[in-house]
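What follows is one structure encoded as structure tokens, with my remarks underneath.
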Amino acid sequence: MPAKITKYICSECGHVTTTKTGKCPSCNSWGTLEILPEVTPTNTKNISSHVKIINALDVKTPERISTGIEEFDRVLGGGLVPGSVILIGGQPGIGKSTLLLQAAGSVAKNYNRPVLYISGEESDAQVALRASRINTASENLYLYSGSELEDALSNLDNENFAFFVLDSVQAMTTGTDSGWPGNLTQVRAVAQKVIDTARAKKIPAVMIGHITKDGKIAGPMILEHMVDTVINFSGEGYSSYRMLRAVKNRYGNTDELGIFEMSEDGLKPVIDKSGLYWNREDSAVAGVAMTIALEGNTPLAAEIQTLSAKTIFPYPRRTARGIELNRFQLLTAVIDRRCKISTLNHDLYINVAGGLTLQDPSADLPACAAIASALKNVALKAGTCWLGEVGLAGEIRPVTRIDLRLKEAAKLGFETAVVSSREKIKFTGIKIIRVSHIDEALAGLLISEKN
Ligand code: TYD
Ligand code: MG
């Protein structure tokens with residue numbers, strides 16, 4: 001009989017090795033190798049009771065519970081699904097506790113059923129103060145402050161709870177596993193217990209998770225696989241706007257984007273999203289072009305700004321923020337070659353206002369328009385938005401969901417949209433200028449005489 005070999009598995013990435021090292025050779029995490037339990041062969045002859053005919057299964061969609069916050073519900077795919085578990089991650093201070101306390105308060109009030117908020121991070125007084133600040137206190141909103149998970153969850157046995165929140169998965173300990181709160185085994189055990197409880201009691205649960213410097217939820221990556229939905233709550237440090245996005249969702253799509261503003265009394269949904277990024281007066285400045293980008297299913301007006309400055313260096317500088325640098329360089333080359341506008345003696349800087357990052361190829365045309373406008377030092381016609389992908393030959397290609405974008409543009413008061421000549425458009429509420437080549441797009445008529 002061959003000697004038994006002990007294998008080790010990395011709790012972070014799942015890599016299996018036969019040598020126990022301090023650092024995982026695959027993902028370089030420290031102290032994550034654990035003994036891989038041996039799998040005993042099972043009897044495969046009989047069909048197990050877990051095997052069912054799909055057609056015969058009852059597939060009623062469970063009724064969702066509304067969080068009372070429309071933007072949050074939309075990101076979830078229509079509300080909280082009973083028995084499902086959501087993990088929400090975000091930088092410290094971004095507003096995770098505020099958002100969930102608001103949601104917990106409104107569920108308690110609107111459904112007239114108890115809701116449990118488990119806080120392992122803050123004291124009774126701190127949570128109560130926040131609840132009164134955001135005016136969410138309700139007779140049905142219960143708070144458990146402490147870090148013992150079993151003790152906290154046992155409260156759910158008492159009444160017909162509608163929802164519970166765990167703030168945070170890193171702050172709790174479970175008695176069955178050793179170690180400090182927040183270590184890998186603890187975090188995994190805490191999450192598993194929350195999932196088991198939510199499933200057994202058919203109550204939706206949200207776990208708040210801390211994130212690491214590089215934006216991942218701290219703890220084993222497996223956490224994201226265990227839960228049904230992973231949501232990211234983010235925002236730029238200097239701005240009061242916050243974005244809520246699903247990264248994974250078993251009960252909805254991941255295209256939605258919810259936008260909030262952090263105010264004196266909690267998070268307020270931002271309904272007119274495009275207003276955030278569009279400043280009418282600024283649009284008559286040279287080097288500025290407007291576009292309607294898509295963030296998930298949400299159209300957002302974005303302002304692309306470019307600055308050009310004569311350079312004394314043999315290699316002009318190209319600096320980009322909000323648009324990928326390689327793409328910016330490529331578009332600059334297209335303008336140089338196809339429009340005969342020399343870019344060689346100029347440093348060029350491009351920026352997307354409002355901290356937005358544009359990955360959507362529809363930003364090519366507005367970026368080209370902004371670059372050309374900066375180089376010529378003439379402003380683009382005000383009230384115009386630009387939507388198109390630019391190819392290497394200078395051809396303008398159609399973009400996705402043009403009608404949705406044009407509708408949004410019209411709603412915001414744009415009068416004209418410059419689009420690809422190949423675009424198929426149903427919407428009639430805005431003046432359309434069709435162009436097939438970048439040279440044509442940048443021809444005199446679009447440049448205002450003002451500057
Ligand atoms: P918090 O929800 O505690 O963030 P997280 O749980 O993600 O760490 O929110 C923290 C910040 O939000 C804090 O700096 C204060 C601010 N805030 C407001 O501006 N208005 C409010 O009504 C509340 C409750 C918080
Ligand atoms: Mg918090």
Tilt relative to the chain, helix 402-411 - C-alpha long axis, 0 to 90 degrees, to 10 = 80 degrees
request  = Compute the acute angle (0 to 90°) between the alpha-carbon long axis of helix 96-111 and the principal axis of greatest extent of the alpha-carbon atoms of the chain; round to the nearest 10°.
outcome  = 70 degrees
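If each residue's Cβ is checked for other Cβ atoms within 10 Å, how do Ile432, Ile54 rank with the fewest at the top? Don't skip to the answer; put the middle values down first.
Working: Ile432 14, Ile54 6.
The most exposed by this proxy come first: Ile54, Ile432.
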key: Equivalent ellipsoid, the stretch 276-449 (semi-axes from 5 times Cα gyration tensor eigenvalues, Å)   = 24, 16, 15
query = With the Cα gyration tensor of the stretch 70-271 giving a ≥ b ≥ c as the square roots of its eigenvalues, does the rule (a/c under 1.5 for rounded; else a/b larger than b/c for prolate; else oblate) give rounded, prolate or oblate?
reply = rounded
FRET efficiency for Ala309 and Thr19, using Cβ-Cβ distance with R0 set to 51 Å, rounded to 0.05 = 0.35
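Pick out, in residue order, every one of the trypsin sites (Lys or Arg not before Pro) in the stretch 40-137 that is DSSP loop and has at most 14 other C-beta atoms within 10 Å; say none if there are none.
Answer in residue order: Lys45, Lys52, Lys60.
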note = What the 10 Å binned alpha carbon P(r) of the stretch 313-368 shows, as percent of pairs per bin from 0, is 23, 56, 20, 1
query = What's the exposure ranking of Leu99, Leu331, Leu307, going from fewest to most Cβ atoms within 10 Å?
reply = Leu307, Leu331, Leu99
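State, as an integer percentage, the relative contact order of the chain based on alpha-carbon contacts under 8 Å between residues 6 or more apart. Please report the intermediate quantities before stating the final value.
Values: 949 pairs, mean separation 50.6, N = 451.
Normalised by residue count, the contact order of the chain is 11 percent.
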task = Treating the angle as unsigned and between 0 and 90°, give the value, to the nearest 10°, between the Cα long axis of helix 124-133 and the longest Cα principal axis of the chain.
result = 40 degrees
request  = Answer rounded, prolate or oblate for the chain, using the Cα gyration tensor with square roots of eigenvalues a ≥ b ≥ c: rounded when a/c is under 1.5, else prolate when a/b is larger than b/c, else oblate.
outcome  = prolate
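With a ≥ b ≥ c the root eigenvalues of the C-alpha gyration tensor of the stretch 1-115, is it rounded (a/c under 1.5), prolate (a/b larger than b/c) or oblate?
Values: a/c = 3.86, a/b = 1.51, b/c = 2.56.
Judged from the Cα gyration tensor, the stretch 1-115 comes out oblate (a/c at least 1.5, b/c at or above a/b).
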ask   = Can you work out the base-10 log of I(q)/I(0) for the stretch 104-207 at q = 0.23, 0.24 1/Å, using the Debye formula on its C-alpha atoms alone?
value = -1.23, -1.30
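Set the Förster radius R0 to 56 Å, insert the Cβ-Cβ distance between Lys268 and Ala3 as r into 1/(1 + (r/R0)^6), and round the FRET efficiency to 0.05.
With a Förster radius of 56 Å, E is 0.30.
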query = Which distance in nm do the two modelled labels at Thr357 and Leu57 give, with both placed 7 Å along the Cα-to-Cβ direction?
reply = 3.5 nm
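Bear in mind these aren't lab numbers, they're just calculated from the coordinates by the rules spelled out. This one's a predicted model, so the numbers in the text were calculated from it and none came from an experiment. Note: ideal-geometry Cβ built from the backbone for every residue, glycine included; neighbour counts use all protein chains shown.
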